[in-house]
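Have a look at the structure below before the remarks.
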Amino acid sequence: MTVPVVRTALVPVSEILDLRWEVLRPGLPREAAVFPEDGDPAAFHIASYEGDAPEVLGCGTFFPEPFPGPLSEPLPGPASGPPPESAATAYRFRGMASAPAARGRGHGAAVLRAGAAEAAARGAGLLWCNGRTPARGFYERQGFRAHGEEFVIEGVGPHLVFVREIRPRTRRTGDVAGRP
């Protein structure tokens with residue numbers, strides 16, 4: 001059996017909105033899948049695809065937002081010890097979704113890798129999210145750790161804050177694929 005190649009691209013929000021709506025806001029109006037951060041000029045959106053197929057199978061939205069808690073504990077990621085000064089530049093992500101038929105094929109991990117690389121290229125030292133509690137294992141496999149206590153988002157379910165250190169760096173050619 002051939003495993004499809006997963007590719008990622010920076011895309012306009014319009015390209016990922018249908019998947020975000022179908023997976024994260026089923027039964028709600030399409031507008032429920034539009035986030036206030038979508039209009040932030042510093043926000044970016046990552047889509048994943050299989051091979052040359054045009055169908056979006058994974059997505060995530062990344063934007064600058066300070067981490068909402070103390071950073072006194074060592075963080076998981078490329079370095080150990082106290083959080084770096086660059087952690088003050090944090091990027092949050094939300095709207096992570098994978099098409100049900102594509103789950104388990106690496107789309108979520110690919111979106112996170114591409115998003116972390118792009119956030120690092122923009123100077124971020126920390127990546128975090130409010131992730132669904134049932135996805136804890138996924139986030140931990142991607143190098144994140146849970147921070148704080150579980151909380152419930154009305155109409156969505158139980159969540160945890162997940163956080164990971166990333167190294168800010170200069171963009172290199174090929175970090176994230178261009179627009180398809």
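With the highest mean first, a sort of the peptides 47-54, 28-35, 91-98 on other beta-carbon atoms found within 10 angstrom per residue produces 91-98, 47-54, 28-35. Stretching Ala42 away from Arg94 to a fully extended chain increases their span by 17.3 nm, per 0.36 nm per residue minus the current alpha-carbon distance. So, in Å, what gap is there between the alpha-carbon centers of the range 1-42 and the range 92-154? If you average the Cα positions of each part, the centres end up 14 Å apart. Rounded to whole numbers, the Karplus 3J(HN,Hα) couplings from phi for the range 99-108 are 4, x, 5, 9, 4, x, 10, x, 5, x Hz, using 6.51 cos²θ - 1.76 cosθ + 1.60 with θ = phi - 60°, and x at Gly and Pro. Gain on full extension, evaluated as 0.36 nm per residue between Val5 and Arg103 minus their Cα-Cα distance, stands at 33.9 nm. Packing, as the average of other Cβ atoms within 10 Å across residues, places the peptides 58-64, 6-12, 101-107 in the order 58-64, 6-12, 101-107, highest first. Between Ala121 and Arg30, the modelled label-to-label distance comes to 3.0 nm, taking each label 7 Å out from Cα in the direction of the beta carbon.
Values in this text are rule-based calculations from the coordinates and carry no lab data. As the structure is a prediction and not an experimental result, all values here were calculated from the model. Glycine also receives a Cβ, built like all others from the backbone with ideal geometry; neighbour counts cover every protein chain displayed.
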